[in-house]
1. Among A:Gln11, A:Gln129, A:Gln146, which one shows the highest mean-square fluctuation when chain A is modelled as a Gaussian network with alpha-carbon springs under 10 Å?
2. By how many nm would the segment from B:Ser128 to B:Leu82 lengthen if fully extended, with 0.36 nm per residue of separation less the alpha-carbon distance?
3. For chain B, take the convex hull of the Cα atoms, compute a quarter of its surface area, and give me that in nm², please.
4. Given the -39500 (n - 2.57) contribution per DSSP H run of 4+ residues, what per-residue ellipticity at 222 nm results for chain B, rounded to the nearest 500 deg cm²/dmol?
5. GluC sites (Glu not before Pro), restricted to region B:57-125: which are DSSP loop and have at most 15 other Cβ atoms within 10 Å?
6. What nm distance separates the two modelled labels at A:Glu194 and A:Val46, each placed 7 Å from Cα along Cα→Cβ?
7. Starting from the Cα coordinates of chain A, work out the convex hull volume and express it per residue in Å³.
8. Principal axis extents for region B:151-214, Cα atoms only, whole Å, descending order, please.
Amino acid sequence: MTLDYLALLMQGLAVTALLAALGTLLAAGLGLPLAIALRSGRVALVTPARLYVELMRGVPLVLLLFLLYYGGPSLGFRLPASWAGVLGLGLFGAGSFAEIYRAGLAGVPTGELEAARMLGLQRGQAFLQIELPRALRLIVPPIGGQVIVMVKESAVLSIITVAELSKRAGELSSISFSIAPLVVAALLYWVLVEMIARTSFLIEARLSAKDIL
Amino acid sequence: MWQIIVENRATLLEGLLTTLGVSAAALCIGAALGLALSALRRGPSKPLRRVAAVYLSFWRGTPILIQLFFVFYALPMLGLELSPVIAAIVTLALNTAAFQSEIYRAGLAAIPVGQVEAAGMLGMSRLSTLLRVETPQAIRLMLPALVGEMLALVRNSSLVSVIAVADMTRRAQQIASSTFRPLESYGAALMGYLALALLLSGLALWLEKRMGRE
């Protein structure tokens, strides 16, 4: 495999990392209001949020991307492939992020919150100083896992012509009749995923170290 | 507007059956492989444990699309040619095996050692302990995770459309390009996947209730 190929694959890796990061940010952001709705206890809010989460659990990302990219023009919007990809990733991931937030907040014992209120903390203070830090420690490991899922799912963007790592690897492999580009791409994904896993582990360790409880 | 879907319902239904068939085949093969893998990881042989760990790391750490390319395009270069459907089932099975083995490992690890020891003291053989004490409890614990994996498998099976397997996604693509109605075609496929997911979740809920009653 020549150096040109390697350069193209590295470009693909950069695109993959960027789009996966943007998609993850969007998903993490959209997940927040969803989680709040899920925890609100009001049927009018819980039901649509729950429906959304279940929908995204059962539906393939590739169909979502087809709808956004090929179906968009019928609805009056025409997105470039990479934007449709980021939007699709964001919508797809939002359900999982919402579930992670919800489970994290639900994992903080109510007694702690009550105790904080008894000690005279305001509702907002109790949330920021008691609930949030406790929940953060609970949600870091699943968030690490979800970021990895986002990186892997971003490979699907190649199907709507985004020139990310999988797309490059597939093209180079068929041009050169060799599996080398695929092997390199797999290794690059693997390294990226391992790095995310290590980072998540480090953050988790730091958060636990700070907590003397 | 939805006329197109009604006209093409047979095509979509065929796709749905292919999706279901490919997923079910991969699920069963993957379950057997996953059990074997989790046994290797709990086993006494260190080199085999390492092999299993590397296998898991690869199949869990790379995108299914790349894995599919490997099995479909790379294996022929090594002299092993597979038809698209077989390549699809093999890829999905090898992938889900890695994820399922983690579920089995965690499920069995959650059974207290004391129970196994107690069963041994009562004269039960190791195998009968595994089958009658550990497995029934582990299944109950693992059920939610297994259902999640099943949903993921059906979802992932949509990717086999890129190697020309005529699953629901592929059929929707064909309908979209012949009718120039992408919104309706992909929307209908979306509903199909959603229906499958609801069916699986419902089934799991029913199973869970039944097991809880025992």
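1. A:Gln129
2. 12.6 nm
3. Projected area, direction-averaged: 14.7 nm².
4. Only helices count here, giving -26000 deg cm²/dmol.
5. For GluC sites (Glu not before Pro) across region B:57-125 that sit outside H, G, I, E and B with at most 15 neighbouring Cβ atoms in 10 Å, the list reads B:Glu81.
6. Placing both labels 7 Å along Cα→Cβ, they lie 4.5 nm apart.
7. Considering the Cα atoms of chain A, their hull volume per residue is 137 Å³.
8. Here the Cα extents, ordered largest to smallest, are 53, 23, 12 Å.
Each value in this text was obtained by applying a stated rule to the coordinates, not by laboratory testing. Since the structure is predicted, the reported quantities are computational estimates derived from the model, not experimental observations. Cβ sites come from the backbone with ideal geometry, for glycine too, and all protein chains shown count toward neighbours.
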